[in-house]
There are 2 protein chains.
Amino acid sequence: MTARIREFLDTRRPDGPCLVVDLDVVRDNFLAFRHALPDSRVFYAVKANPAPEVLSLLAELGSNFDCASVAEIEMALAAGADATRISFGNTIKKERDVSRAFHLGVRLFAVDCVAEVEKVARQAPGARVFCRILCDGAGAEWPLSRKFGCEPEMAIDVLETAHRLGLTAYGVSFHVGSQQANTEAWDGALASAANIFRVLGERGIQLKMVNLGGGFPTKYLKDIPAVEAYGRSIDASIRQHFGNRIPETIIEPGRGMVGNAGIIKTEVVLISQKGGADDTRWVFLDIGKFGGLAETMDEAIRYPMVTRRDSDEKTPCILAGPTCDSADVLYEKTPYALPVSLEIGDEILIEGTGAYTTTYSAVAFNGFEPLKAYVI
Amino acid sequence: MTARIREFLDTRRPDGPCLVVDLDVVRDNFLAFRHALPDSRVFYAVKANPAPEVLSLLAELGSNFDCASVAEIEMALAAGADATRISFGNTIKKERDVSRAFHLGVRLFAVDCVAEVEKVARQAPGARVFCRILCDGAGAEWPLSRKFGCEPEMAIDVLETAHRLGLTAYGVSFHVGSQQANTEAWDGALASAANIFRVLGERGIQLKMVNLGGGFPTKYLKDIPAVEAYGRSIDASIRQHFGNRIPETIIEPGRGMVGNAGIIKTEVVLISQKGGADDTRWVFLDIGKFGGLAETMDEAIRYPMVTRRDSDEKTPCILAGPTCDSADVLYEKTPYALPVSLEIGDEILIEGTGAYTTTYSAVAFNGFEPLKAYVI
């Protein structure tokens, strides 16, 4: 919670659930990344929070942008970013979207298979491509599936094909998994990347860039390492695996850039029990899984919550959203401790909600409007 | 697939993923419910698909409406339903929303605890309330959690409190679980309901109505019983448990009313493999979990899919959506058989998607716009 957000809520008193994002925190995060990884260019992952004010601030600070779609590319351009500062980082693109991005000036594309390389070669001649490789994600709160990336061995073929089709085989990317608490997690993938650089170098193709991806955590309930620790560890791994041929590097923070900049204000709609021997308290909020808290799926992320009664005794509660959907339960397997004195109508502030909330919000599920956001 | 939908797609050729809903099927479903359960009033669960055309058709046919929020109440009113035909069926309501509903003319409210009864008594004096009881949901494809409802024993107190506070203690509701394949599933809850009627009757409170809820299935891959079979089974249970004091009954079909009326048109964006020993084909569509197919969560619902190459040999594929989110995978634990000859750019039609798709769609995740819908 920042003083600016508290003041905004106290003076504006917005009705209904809303996210409030403090741009000062985003600025601090950007500067911290730049300080901790001074040799890496920052490509903000727009999908984490594409609020125009966030994009404009980052464009002004000199950030680059990792975009998942043509719409995100257009948002980054509208915020003042030059197309040369934009990466089309989604490995799953319609060919007509590759073409639209190319015509908007984008020259950097992610791929993870030959079919995608062929689309880029046809629609974005001469562009730079980087190939995403699989990464085991150990240590991540939310390890990624095998959806993105290919085996490192296959990446060699993919990049060689790109080169043969007239594209610039530019580099390798990977993602160590979301909310990655292990600062060493980049090491294995960096070893694979160095090997791809070496093999392709022997074939006359000089890769230039390693995209270190995201995974930088935001603080929820548990403490996390400082961004400097990630910087030191990544730097050491790069030196070890690449020796004196250090590649360009980029990072793609999303959660790490905006997660702790936002607070969701919510209201207790109902507190009830089910009767019989079951005396568990159910606490229902005016926001749930479909209103922006999708990352509570499988209770993956446990957000810190603040009430005005936190000095009172607490008891474990099942926490749920307001919709008529039985899946709209936030914490049940591991109940959430809330004050016994909590009352219907009380405000609860959910911290660390600046990333992956507004955009996950359903368009109108149960008639509830999507999560409102105020960027201050 | 209906001929009208096929013709619409062939002539209009809409770009991007979209849902097409055939109103003729909705009409048939409504008439089938009325025929199978002639003594029950139909309250369409608006949340399943609140398209204005669907609501207008159902209002015209004489349907009533089960609404989850004030916004849904306003949609039902705008479609031509009188407020006396509307139930505020969400057990989790802000007190100011109870008041708004009351001022819009709504006089029927769901409750499942004393705190909710107190809100209704304060804001909707004299209104009818029904108390939802817990139901084990055995036999449902998607059993409901304990989120809604209370133990039958507690429902007696809840309804007695309602009576004491000047409300009309009107009845009992329950929900046997979504996509319920067991036509006998209503029996246990009807026995509980009859007992609540009896106990309260002895205390001078005459309940009148049993809300049989939804749960009526739509056909996905497996065959389902005809709606007549549900009608016969429910009728037999009511006669058995209520004897010659048959209550009014209402049903709240949502999925059963619109599920099979809709088809989602999607496009294959990419087909790839990961390399190494893993030769599984990944098929990426332009719609996924965040674009309307949220009910594939935990692979709960397996939609039938139609391609133009279905006579060709098929192979199990992992099916995923287009976003940069590793959780956006539709079928992976149990891969989905698709033609080996399937190509990038091919159309895939996803059947049985008329319910719980458009409204679950994220507002702009990864910059992708929400699912478009055409109601014909």
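For segment A:137-188, the candidate set comprises residues that are within 21 Å of A:V42 (Cβ to Cβ) and among the β-branched types (V, I, T); within that set, the residue that is nearest to the other protein chains (Cβ to nearest Cβ) is A:V176. Of all residues in segment B:151-202, those that are among the aromatic types (F, W, Y), outside any helix (DSSP H, G or I) and closer than 30 Å to B:I224 by Cα total 1.
The set of residues from segment B:240-280 being in contact with a Pro (Cβ under 8 Å, 6 or more places away or on another chain) and in a strand (DSSP E or B) comprises B:I264, B:K265, B:T266, B:E267, B:V269. Looking across segment A:299-320 at every residue that is part of a loop (DSSP other than H, G, I, E, B) and either within 24 Å of the chain's Cα centre (by Cα) or acidic (D, E) (or both), the one that is nearest to the other protein chains (Cβ to nearest Cβ) is identified as A:A300. Looking at the structure I just gave you, is A:I344 touching a helix residue (DSSP H, G or I) at 6+ places or on another chain (Cβ under 7 Å), within 10 Å of chain B (Cβ to nearest Cβ) and surrounded by fewer than 22 Cβ atoms within 10 Å (Cβ to Cβ)? For A:I344, the condition - touching a helix residue (DSSP H, G or I) at 6+ places or on another chain (Cβ under 7 Å), within 10 Å of chain B (Cβ to nearest Cβ) and surrounded by fewer than 22 Cβ atoms within 10 Å (Cβ to Cβ) - is met.
A:E95 falls short on exactly one of the conditions (1) within 14 Å of chain B (Cβ to nearest Cβ); (2) farther than 19 Å from B:F284 by Cβ; (3) surrounded by fewer than 24 Cβ atoms within 10 Å (Cβ to Cβ); (4) in contact with a Lys or Arg (Cβ under 9 Å, 6 or more places away or on another chain), and that condition is (2). Every condition in (1) under 30 Å from B:E118 (Cα atoms); (2) within 14 Å of chain B (Cβ to nearest Cβ); (3) in contact (Cβ under 8 Å) with a residue 24 or more places away in the chain; (4) of a type outside the set (A, V, I, L, M, F, W, C) is met by A:S272 except one, and the failing one is (3).
Every condition in (1) more than 9 Å from every other protein chain (Cβ to nearest Cβ); (2) out of contact with any Pro (no Cβ under 7 Å at 6 or more places or on another chain); (3) within 22 Å of A:R13 (Cβ to Cβ) holds for A:L338 except the one numbered (3).
Hey, any hits in segment A:108-116 for a residue that's crowded, with 22+ Cβ neighbours inside 10 Å and either modelled with pLDDT under 95 or of a type in the set (D, E) (or both)? Yes, there is a match, as at least one residue in segment A:108-116 is crowded, with 22+ Cβ neighbours inside 10 Å and either modelled with pLDDT under 95 or of a type in the set (D, E) (or both).
Answer yes if at least one residue in segment B:27-39 is in contact with a strand residue (DSSP E or B) (Cβ under 9 Å, 6 or more places away or on another chain), away from chain A (no Cβ under 14 Å) and within 21 Å of B:S361 (Cβ to Cβ), and no otherwise.
No, because not a single residue in segment B:27-39 is in contact with a strand residue (DSSP E or B) (Cβ under 9 Å, 6 or more places away or on another chain), away from chain A (no Cβ under 14 Å) and within 21 Å of B:S361 (Cβ to Cβ).
Which one is farthest from B:A155 (Cα to Cα) among residues in segment B:76-130 that are under 22 Å from the mean Cα position of the chain (by Cα) and aromatic (F, W, Y)? The selected residue is B:F88.
Matching residues to (1) buried (at least 22 other Cβ atoms within 10 Å of the Cβ); (2) assigned by TED's automatic domain parsing to the domain that holds B:V329; (3) at pLDDT 95 or above:
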| residue | (1), (2), (3) |
| --- | --- |
| B:S178 | yes, no, no |
| B:A181 | no, no, no |
| B:D235 | no, no, yes |
| B:F242 | no, no, yes |
| B:I246 | no, no, yes |
| B:I271 | no, yes, yes |
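Selection over segment B:346-376 of residues that are under 20 Å from the mean Cα position of the chain (by Cα), of a type outside the set (S, T, N, Q) and assigned to a loop (DSSP other than H, G, I, E, B) gives a count of 7. Any residue in segment B:283-295 that is in contact with a Cys (Cβ under 7 Å, 6 or more places away or on another chain), closer than 28 Å to A:E95 by Cα and within 11 Å of chain A (Cβ to nearest Cβ)? Yes, that holds for at least one residue.
Residue by residue, here is whether (1) over 26 Å from B:D10 (Cα atoms); (2) at pLDDT below 95 holds:
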{"site": "B:D278", "(1), (2)": "yes, yes"}
{"site": "B:W282", "(1), (2)": "yes, no"}
{"site": "B:L285", "(1), (2)": "no, no"}
{"site": "B:S311", "(1), (2)": "no, no"}
{"site": "B:T315", "(1), (2)": "yes, no"}
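Only one entry in A:A101, A:A79 is in contact with a Pro (Cβ under 8 Å, 6 or more places away or on another chain) and surrounded by 21 or more Cβ atoms within 10 Å (Cβ to Cβ), namely A:A79. Among the candidates B:T323, B:T296, B:T334, the residue that is β-branched (V, I, T), in the same structural domain as B:D346 (by TED's automatic domain parsing) and in a strand (DSSP E or B) is uniquely B:T334. Listed by first and then second residue, the pairs linking a residue in segment A:45-62 that is within 14 Å of chain B (Cβ to nearest Cβ) to a residue that is part of a helix (DSSP H, G or I) and acidic (D, E), with Cβ atoms under 6 Å apart and 6 or more places separating them unless they lie on different chains, are A:V46/A:E72. Residues that are in contact (Cβ under 8 Å) with a residue 60 or more places away in the chain, surrounded by fewer than 20 Cβ atoms within 10 Å (Cβ to Cβ) and more than 10 Å from chain A (Cβ to nearest Cβ) do not occur anywhere in segment B:250-261. Against the conditions (1) small (G, A, S); (2) farther than 19 Å from A:N90 by Cα; (3) crowded, with 17+ Cβ neighbours inside 10 Å, A:G166 satisfies every one except (3).
Going by the structure shown, is A:I224 in contact (Cβ under 8 Å) with a residue 60 or more places away in the chain and β-branched (V, I, T)?
No: the conditions fail for A:I224.
Among the residues of segment A:108-141, those that are part of a loop (DSSP other than H, G, I, E, B) and farther than 22 Å from B:A327 by Cβ comprise A:A124, A:P125, A:G126, A:A127. Residue-level check: of (1) surrounded by fewer than 24 Cβ atoms within 10 Å (Cβ to Cβ); (2) in contact with a strand residue (DSSP E or B) (Cβ under 6 Å, 6 or more places away or on another chain); (3) outside any helix (DSSP H, G or I), A:S87 misses just (1). Here segment A:117-130 is the region considered, the condition is being more than 11 Å from chain B (Cβ to nearest Cβ) and buried (at least 17 other Cβ atoms within 10 Å of the Cβ), and the residue that is nearest to A:G177 (Cα to Cα) is A:F130. Just checking, how many residues over segment A:313-327 are among the charged types (D, E, K, R) and over 21 Å from A:I263 (Cβ atoms)? Counting residues in segment A:313-327 that are among the charged types (D, E, K, R) and over 21 Å from A:I263 (Cβ atoms) gives 2.
The values are calculated or read from the model by the stated rules, or taken from the named source; none is laboratory data. Just so it is clear, the model here is predicted, and its values are computed rather than measured. Glycine also receives a Cβ, built like all others from the backbone with ideal geometry; neighbour counts cover every protein chain displayed.
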